[in-house]
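To start, the structure under review is shown below, and the notes come after it.
Every number here is computed from the coordinates shown, using simple stated rules; none is lab data. The structure presented is a predicted model; accordingly, all values stated were derived computationally and were not measured. Note that each Cβ is placed from the backbone with ideal geometry, even for glycine, and that neighbours are counted across all protein chains shown.
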Amino acid sequence: MDLNQFNDWLSATSLSQAIQLKLGAIPAIQTVHILALSLLFAAALILALRFAGRGLAAEPLHLLAVRFTRLIWVMLILLATSGLLLIVAEPHRTLANAMFYAKMIMLAVVIALTLWLAAAARQQHERTSGVHRAGAALTILLWIGIMFAGRFIAYYESF
Amino acid sequence: MTFFEWLQETPVALVVGQSWFPWVESAHVVFLAAVAGTIFTVDARLLGFASRQLRVSYLATQLLPWTWAAFIGAVITGVMLFTANAVSYLDKTPFLIKMGLLLLAGLNMLYFQLVTWRGVAQWDSGRPVPAARAAGAISIITWVGVITFGRWIGFV
């Protein structure tokens, strides 16, 4: 079974049909996706600013990192769930789209970077090193790239 | 020719409509995520859900300058998107509701800043007064609405 056949099969499943036929289901799921994304992005920004010494210095880095990485993981679960539903609803639009794969590659990198930064923060390094600051800045660039790739799925021709 | 008909024929409107639209729209998503996410973080503190160990005034002064910077970006990109199809946006109910909710969110913030905030010293470290909690709840509801109806614009 190739990708095209898989997508045909997936869009014929009862779950896919239910989402496709329910008026307003897709924008509603996309709205949940964007709301979770906004909380995740704020958490990533706060973490990066703290690493860069540009904010929330009153809270110890290891405590702040624990709180906001937890928020990042919870929102990622919500994003993955809503994202999976969107794939099930429109597999041809997503799984056959190069932008979707660009997004997933950036996502894998940013998850690895966030895990690394969280581990560094837990060791209570109050004075962050240049490499951590660069890593934190890179997470923000990757999240922005992920948002662009996500929006571009709507404009990019499926293969 | 009305003002909005003129607006969507301006050079900026034409170039956004013909080629920049996906880029400007993506930037709009990035800015709105930063705006809503940082506002929700402060709202959660006002409601006592999170960041309770931080003073409200501290969290607000640390985060809100970034919120405002991102808001300016969201307005600029939003206006650019609007100009590309000004007349048809004005005909879309979700767009008009979104604008109404933005106005409501602004008025809520203004009242909070000018009235409720004057007494912040009394509840800065503890549980915010009912007026402050109400401001946090109204803020969450209006911003969730802004995002919901904003996404809906693309489906009508």
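For segment A:25-48, which residues satisfy the criterion of being more than 9 Å from chain B (Cβ to nearest Cβ) and over 13 Å from the mean Cα position of the chain (by Cα)?
Result: A:ALA25, A:ILE29, A:LEU47, A:ALA48.
Restricting attention to segment B:117-156, and to residues there that are outside any helix (DSSP H, G or I) and over 14 Å from B:ASP43 (Cα atoms), which single residue is nearest to the other protein chains (Cβ to nearest Cβ)?
Of all residues in segment B:117-156, those outside any helix (DSSP H, G or I) come to B:124-129, B:154-156.
From what's left, over 14 Å from B:ASP43 (Cα atoms): B:125-126, B:154-156.
Working: B:SER125: 12, B:GLY126: 16, B:GLY154: 7, B:PHE155: 5, B:VAL156: 9 Å.
In this case the residue turns out to be B:PHE155.
If we keep just the residues of segment A:1-45 that are part of a helix (DSSP H, G or I) and of a type in the set (Ser, Thr, Tyr), which is nearest to B:ILE147 (Cα to Cα)?
This residue is A:THR31.
Considering each of A:ALA120, A:ALA108, A:ALA136, A:ALA112 in turn, give the residue that is more than 14 Å from every other protein chain (Cβ to nearest Cβ), buried (at least 16 other Cβ atoms within 10 Å of the Cβ) and without any contact (Cβ under 8 Å) to a residue 24 or more places away in the chain.
Result: A:ALA120 is the single residue among A:ALA120, A:ALA108, A:ALA136, A:ALA112 that is more than 14 Å from every other protein chain (Cβ to nearest Cβ), buried (at least 16 other Cβ atoms within 10 Å of the Cβ) and without any contact (Cβ under 8 Å) to a residue 24 or more places away in the chain.
Going through segment B:125-156 one residue at a time, which ones are within 20 Å of the chain's Cα centre (by Cα) and aromatic (Phe, Trp, Tyr)?
Passing the criteria: B:TRP143, B:PHE149, B:TRP152.
Can you pull out every residue in segment B:80-96 that is part of a helix (DSSP H, G or I) and either buried (at least 17 other Cβ atoms within 10 Å of the Cβ) or touching a Ser or Thr at 6+ places or on another chain (Cβ under 7 Å) (or both)?
Hits for segment B:80-96 are B:MET80, B:LEU81, B:PHE82, B:THR83, B:ALA84, B:ALA86, B:TYR89, B:PRO94, B:PHE95.
Among (1) hydroxyl-bearing (Ser, Thr, Tyr); (2) closer than 30 Å to A:LEU47 by Cβ; (3) in contact with a Leu (Cβ under 7 Å, 6 or more places away or on another chain), there is one condition B:THR83 misses while meeting the rest; what is its number?
Here B:THR83 clears every test but (2).
Whether any residue in segment B:108-125 is under 21 Å from B:ALA36 (Cβ atoms) and in contact with a Phe, Trp or Tyr (Cβ under 9 Å, 6 or more places away or on another chain) is what I want to check.
So far as segment B:108-125 goes, no, none of its residues is under 21 Å from B:ALA36 (Cβ atoms) and in contact with a Phe, Trp or Tyr (Cβ under 9 Å, 6 or more places away or on another chain).
Per-residue answers, yes or no, for (1) in contact (Cβ under 8 Å) with a residue 12 or more places away in the chain; (2) within 8 Å of chain A (Cβ to nearest Cβ):
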position: B:SER26; (1), (2): no, yes
position: B:VAL29; (1), (2): no, yes
position: B:ALA33; (1), (2): no, yes
position: B:THR41; (1), (2): yes, yes
position: B:ALA44; (1), (2): yes, no
position: B:ALA60; (1), (2): yes, no
position: B:LEU64; (1), (2): yes, no
position: B:THR67; (1), (2): yes, no
position: B:ALA70; (1), (2): yes, no
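Taking segment B:35-73, which residues are under 20 Å from B:ASP124 (Cβ atoms), among the aliphatic types (A, V, I, L, M) and part of a helix (DSSP H, G or I)?
Hits for segment B:35-73 are B:ILE39, B:VAL42, B:ALA44, B:LEU46, B:VAL56, B:LEU59, B:ALA60, B:LEU63, B:LEU64.
One line per residue, one yes/no per condition, for (1) within 14 Å of chain B (Cβ to nearest Cβ); (2) part of a loop (DSSP other than H, G, I, E, B):
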| residue | (1), (2) |
| --- | --- |
| A:GLY53 | yes, yes |
| A:LEU63 | yes, no |
| A:ALA80 | no, no |
| A:GLY83 | no, no |
| A:VAL88 | no, no |
| A:HIS92 | no, no |
| A:ALA96 | no, yes |
| A:PHE100 | no, no |
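Quick one: how many residues across segment B:100-116 are surrounded by fewer than 16 Cβ atoms within 10 Å (Cβ to Cβ) and outside any loop (DSSP other than H, G, I, E, B)?
Total meeting the criteria: 8.
Taking segment B:8-34 on its own, how many of its residues are among the acidic types (Asp, Glu) and either in contact with a Pro (Cβ under 9 Å, 6 or more places away or on another chain) or part of a loop (DSSP other than H, G, I, E, B) (or both)?
Here the count works out to 1.
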